[in-house]
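Input: a single structure, listed below in structure tokens.
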Amino acid sequence: MLYCGRNAAPMEKSQPVHIMSIDVEEYFQVEAFAAQISRDTWSERPSRVVESTRRALDLFERHRTQATFFFVGWVARKYPQLVREAAARGHEVACHSYWHRTVYSLSPEEFRTDLREAKDVLEQASGQTVLGFRAPSWSITRESIWALDILVEEGFRYDSSIFPIVHDLYGIPNAQRRRYLHTCAGGLQLPEFPPATVRMLGTNFPAAGGGYLRIFPLWYNLWAFRKLEREFGEPVVVYFHPWELDPSQPRLAGKLKSRLRHYTGLNRMEGKLSRLLTEFRFQPFRNLLMTAAD
């Protein structure tokens with residue numbers, strides 16, 4: 001399928017050991033409140049990211065699960081011990097930008113600078129080579145597809161930023177729903193791992209991640225997992241944020257839609273994740289790269 005001026009070649013099927021990922025950011029860094037909260041005030045606000053990320057680490061340990069932690073560089077610089085702890089507990093450390101700005105709001109030069117700063121901070125803190133990138137708010141869209149070339153040029157081995165849905169903030173609706181390869185500048189290839197969607201009535205519906213896991217019923221997400229296992233026989237990409245395990249986080253002022261998206265279902269999220277971790281097996285993204293190399 002051609003959807004952004006690039007050839008996207010499907011990758012081979014693999015056994016459905018699914019992907020668990022977590023976007024490590026503060027509750028006040030989300031795009032829903034970006035208009036109300038200046039980056040200049042971040043250091044003044046009560047931090048919750050260490051406590052909530054450790055809650056996720058403990059949850060994974062109870063279920064003997066390794067995951068990919070996409071850290072915001074600002075968080076990694078302020079709390080390098082948290083990055084080291086995630087790495088020491090067997091998880092993959094990956095990149096979620098430095099300032100958590102949408103890619104389509106940046107110039108290519110600004111994106112490259114942000115990317116380099118984040119990658120450097122993460123590699124110094126973790127002792128790992130950072131292989132993967134996930135854009136804040138899934139913000140690699142048709143308008144910012146140029147970012148893929150920069151990712152390859154900066155040494156990234158995979159991306160998980162393109163959501164194949166219709167949304168007011170992100171998405172390429174006709175992008176592929178299963179993992180595939182971008183052909184970038186110079187003929188280099190970059191694997192893409194889209195988040196989970198199910199197709200019904202000619203439309204892609206999101207499932208099994210973030211607000212969609214929090215807000216939609218558990219039965220829907222379990223049904224989506226099993227449907228995708230039958231349809232593709234490939235790993236389902238699950239994602240969430242540490243603040244989604246923190247129902248006591250401070251409430252921020254914002255538009256009603258933003259507050260509904262951010263706060264609905266917080267008190268049920270840990271239970272839903274526990275159910276998924278009980279029902280299915282999970283791995284970090286790097287395992288799939290290692291398998292492909294073998």
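Here residue 108 fulfils each of the conditions (1) open to solvent by less than 40 Å² (accessible area, probe 1.4 Å); (2) in contact (Cβ under 8 Å) with a residue 40 or more places away in the chain apart from (1). Residues of the stretch 149-159 that are under 19 Å from residue 21 (Cβ atoms) and out of contact with any Gly (no Cβ under 6 Å at 6 or more places or on another chain): 151, 156, 157, 159. Evaluated against (1) of a type in the set (Ser, Thr, Tyr); (2) out of contact with any Phe, Trp or Tyr (no Cβ under 6 Å at 6 or more places or on another chain); (3) in contact (Cβ under 8 Å) with a residue 12 or more places away in the chain, residue 65 falls short on exactly one condition, (2). Scan the stretch 59-76 and give yes if some residue there is under 27 Å from residue 254 (Cα atoms), in contact with a His (Cβ under 9 Å, 6 or more places away or on another chain) and polar (S, T, N, Q), otherwise no. No, because not a single residue in the stretch 59-76 is under 27 Å from residue 254 (Cα atoms), in contact with a His (Cβ under 9 Å, 6 or more places away or on another chain) and polar (S, T, N, Q). Answer yes or no as to whether residue 225 is part of a helix (DSSP H, G or I) and over 18 Å from residue 24 (Cβ atoms). Judged against the criteria, residue 225 is a match. Just so you know, in the stretch 17-51 the residues that are touching a strand residue (DSSP E or B) at 6+ places or on another chain (Cβ under 9 Å) and of a type in the set (A, V, I, L, M) include one that is farthest from residue 232 (Cα to Cα), and it is 49. The criterion of at least 1 residues that are closer than 30 Å to residue 183 by Cβ and at pLDDT 95 or above is met, among helices (runs of 4 or more DSSP H) falling completely within the stretch 11-119, by 73-78. Residues of the stretch 120-144 being open to solvent by 20 Å² or more (accessible area, probe 1.4 Å) and either farther than 19 Å from residue 73 by Cβ or not in a helix (DSSP H, G or I) (or both), which ones? Once the filter is applied, which keeps residues that are open to solvent by 20 Å² or more (accessible area, probe 1.4 Å) and either farther than 19 Å from residue 73 by Cβ or not in a helix (DSSP H, G or I) (or both), the stretch 120-144 yields 127, 128, 129, 131, 142, 143.
The single condition from (1) of a type in the set (Phe, Trp, Tyr); (2) open to solvent by 10 Å² or more (accessible area, probe 1.4 Å); (3) within 21 Å of residue 16 (Cβ to Cβ); (4) touching a residue at least 40 places away in the same chain (Cβ under 8 Å) that residue 212 fails is (4). Does at least one position in the stretch 154-165 carry a residue that is of a type in the set (Gly, Ala, Ser), touching an Asp or Glu at 6+ places or on another chain (Cβ under 8 Å) and open to solvent by 10 Å² or more (accessible area, probe 1.4 Å)? No, the stretch 154-165 has no match at all.
Could we say that residue 103 is open to solvent by less than 10 Å² (accessible area, probe 1.4 Å), under 15 Å from the mean Cα position of the chain (by Cα) and not aromatic (Phe, Trp, Tyr) here? When the stated conditions are applied, residue 103 passes them.
Here is a list: 77, 54, 84, 45. Which entry is surrounded by fewer than 15 Cβ atoms within 10 Å (Cβ to Cβ) and among the basic types (Lys, Arg)? Lay out the reasoning, then the answer.
On the way: 77 fails: surrounded by fewer than 15 Cβ atoms within 10 Å (Cβ to Cβ); 54 fails: surrounded by fewer than 15 Cβ atoms within 10 Å (Cβ to Cβ); 84 fails: surrounded by fewer than 15 Cβ atoms within 10 Å (Cβ to Cβ).
Just one listed residue meets the conditions, 45.
Looking across the stretch 176-188, the residues that are within 13 Å of residue 148 (Cβ to Cβ) and either crowded, with 20+ Cβ neighbours inside 10 Å or touching a residue at least 40 places away in the same chain (Cβ under 8 Å) (or both) come down to 180, 181, 182, 183, 184.
Any idea which of 264, 183 is in contact with a strand residue (DSSP E or B) (Cβ under 8 Å, 6 or more places away or on another chain) and over 20 Å from residue 60 (Cα atoms)?
Details: 264 fails: in contact with a strand residue (DSSP E or B) (Cβ under 8 Å, 6 or more places away or on another chain).
Answer to the check: 183.
Regarding residue 242, is this residue in contact with a Ser or Thr (Cβ under 7 Å, 6 or more places away or on another chain) and at pLDDT below 95? Here the answer is no, as residue 242 does not meet what is asked. For the stretch 190-206, the set of residues classified as buried (at least 16 other Cβ atoms within 10 Å of the Cβ) and outside any strand (DSSP E or B) consists of 193, 194, 195, 196, listed by residue number. Does the stretch 242-255 contain any residue that is in a loop (DSSP other than H, G, I, E, B) and in contact with a Pro (Cβ under 8 Å, 6 or more places away or on another chain)? Within the stretch 242-255, one or more residues are in a loop (DSSP other than H, G, I, E, B) and in contact with a Pro (Cβ under 8 Å, 6 or more places away or on another chain).
The values are calculated or read from the model by the stated rules, or taken from the named source; none is laboratory data. Everything quoted here is computed from the prediction, not taken from an experiment. FYI the Cβ positions are ideal-geometry reconstructions off the backbone, even for glycines, and counts take in every protein chain you see. Ligands, DNA and RNA are excluded from the accessible area calculation, which covers all protein heavy atoms including side chains. Shrake-Rupley method; radii C 1.70, N 1.55, O 1.52, S 1.80 Å.
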